[in-house]
1. Obtain the nm distance between the two label points defined at residue 231 and residue 118 by a simple spin-label model: each point lies 7 Å from its Cα along the Cα-to-C-beta direction.
2. Ranked highest first by the average count of other Cβ atoms within 10 Å around their residues, in what order do 127-140, 181-194, 217-230 fall?
3. Among the DSSP beta bridges whose two residues both lie in segment 2-245, what percent are antiparallel, rounded to the nearest 5?
4. Using only the alpha-carbon atoms, how far is helix 48-58 inclined from the longest principal axis of the chain? Give it as 0 to 90 degrees, nearest 10.
5. Which shape class, rounded, prolate or oblate, goes with segment 2-245 when its Cα gyration tensor gives a ≥ b ≥ c as root eigenvalues, a/c under 1.5 marks rounded, and past that a/b bigger than b/c marks prolate?
6. Quick one: among 18, 257, 212, which has the greatest mean-square fluctuation in a GNM of the chain with alpha-carbon springs under 10 angstrom?
7. Picking from 202, 256, 102, which is most flexible by a Gaussian network model of the chain using Cα springs under 10 Å?
Ligand SMILES: [Fe+2]
Ligand SMILES: [Fe+2]
């Protein structure tokens, strides 16, 4: 079911939160449709798990074959693994960081991406959409090396990919959060492991504070809405140690545990058998 994030007569932003539910195998993820004056863009359309549901769910709002753009914040499977199906069923262009331009064709059949990719330079750009633009905002290393967020100046929504992600159900993801503190337990572990460093977070917040943002919408979990919650989110990021901040030599030791094929989990190494008496006797001079 589509969640309406914004609507005026010529501009619509929709979010789909329940097409890929957290089920222990795949992480819950959101997909987005932005329409301006009859021109449509999908943001982070997702993997093969999402394709058929998204195609059917967006159809009442916008005819999928008429899509102009597939915007990919980065090249992860939950972002764009459905690329082949979308390029086959639409004439849309893929908009993605230039550093993924030559990797994205690995998701498709031979030749499928020919003249279909807009490779975005590191500094970003403003992409025409109907009579408006979508801003392709640099967010490198948050978490991918080439990473963009998408700012819609009409709705004042900043689509932040994995930044701001929370691990909740699709139903919870459909409800914007207006108070950050109770939401932090759903976000913290993810950000500590998936975001690269506090330096990068602070560079990003310094840029993001220049934007007029009403709602910050991640690709997993619930949107963060309102000036106070967004300010609190920026402040939280400013103080968060993550990624390489937390890595030291203990994280780079040669492995000793073995994978048990029954449980598919790691187990302590099997102790070496004690030397037998007979063996001891043989080696006694
Ligand atoms: Fe990702
Ligand atoms: Fe993701």
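Taken together, the values in this text are just the output of simple stated rules run on the coordinates, not laboratory data. Predicted, not measured: the structure shown is a model, and the values here were computed from it. Cβ placement follows ideal geometry from the backbone for every residue including glycine, while neighbour counts extend to all protein chains displayed.
1. Result for the modelled spin labels: 3.4 nm.
2. In descending order of packing, they fall as 217-230, 127-140, 181-194.
3. Taking every DSSP beta bridge within segment 2-245, about 70 percent pair in antiparallel fashion.
4. 20 degrees
5. rounded
6. 257
7. Residue with maximal mean-square fluctuation among 202, 256, 102: 256.
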